[in-house]
Every structure is written in structure tokens, then in C-alpha cells.
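First the structure, in the form of C-alpha cells, and then the observations on it.
Laboratory data are not the source of any read-out in this text; all were calculated from the coordinates shown. Since the structure is predicted, the reported quantities are computational estimates derived from the model, not experimental observations. With ideal geometry, Cβ positions are generated from the backbone for all residues, glycine too; neighbour counts draw on all protein chains shown.
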Amino acid sequence: MTQLDRFPPPDEPRVSAVCAYCGGEIYVGDTLVLYANNDTSHEGECESGYIAAELGLERLVAE
Ligand SMILES: [Zn+2]
């Protein structure tokens, strides 16, 4: 089974990209958010945080 030998050991996940928001690694198989400027981030909190920081968004209570 030479095919199986090509997989990396499970304790060494392959890094696909680096998150522009938290600086963490995004591994192959994880969901990745790709922005128009080619930055990448994790989905969820990093996605929200990145967008808020880039666009200067604020969440306020409407008055
Ligand atoms: Zn992140």
C-alpha cells in the first residue's frame, strides 16, 4: 500500500494558509474564508473580526 505512505503523520496536519485575523494556521480540510484582497481567515469569529477591522464596522444599539 504505497498510497498510504504518502499521507503525513496525524500529528503533523498540513497548513493550507495563515489566518489574517488571529495569525493562526488554517489546516487542510478546515473551512477557510478567502477575501477579495486574497487574505484568508478562519470562519466564524475570525471572519467577523476581520471584516469589522477592515471595514471599521461597529455594532451599536440603535437609538
Ligand atoms: Zn483565525
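Relative contact order for the chain using alpha-carbon pairs under 8 Å, separation at least 6, rounded to a whole percent? Let's see the in-between values first.
Details: 60 pairs, mean separation 14.0, N = 63.
Across the chain, relative contact order equals 22 percent.
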Long-range amide H contacts for Ile26: which residues qualify at under 5 Å (H placed 1.01 Å from N, peptide plane, sequence gap of 5 or more or a different chain)?
Ser16, Ala17, Val18, Cys19
Mind giving me the nanometre distance, one decimal, between the label points for Val28 and Ser16, set 7 Å out from Cα along Cα→Cβ?
1.1
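Could you list Cys46, Cys22 in order of exposure, starting from the residue whose Cβ has the fewest other Cβ atoms within 10 Å?
Ascending number of Cβ neighbours within 10 Å: Cys22, Cys46.
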Take every Cα-Cα distance within segment 12-55, group them into 10 Å bins from 0 onward, and report for each bin the whole-number percent of pairs it holds.
33, 55, 12, 1
Helix-only CD estimate at 222 nm, as mean residue ellipticity for the chain, using -39500 (n - 2.57) per DSSP H run (n ≥ 4)
-5500 deg cm²/dmol
Hey, rough spin-label estimate for Asn38 and Glu58, points 7 angstrom out along Cα→Cβ, what's it come to in nanometres?
3.4
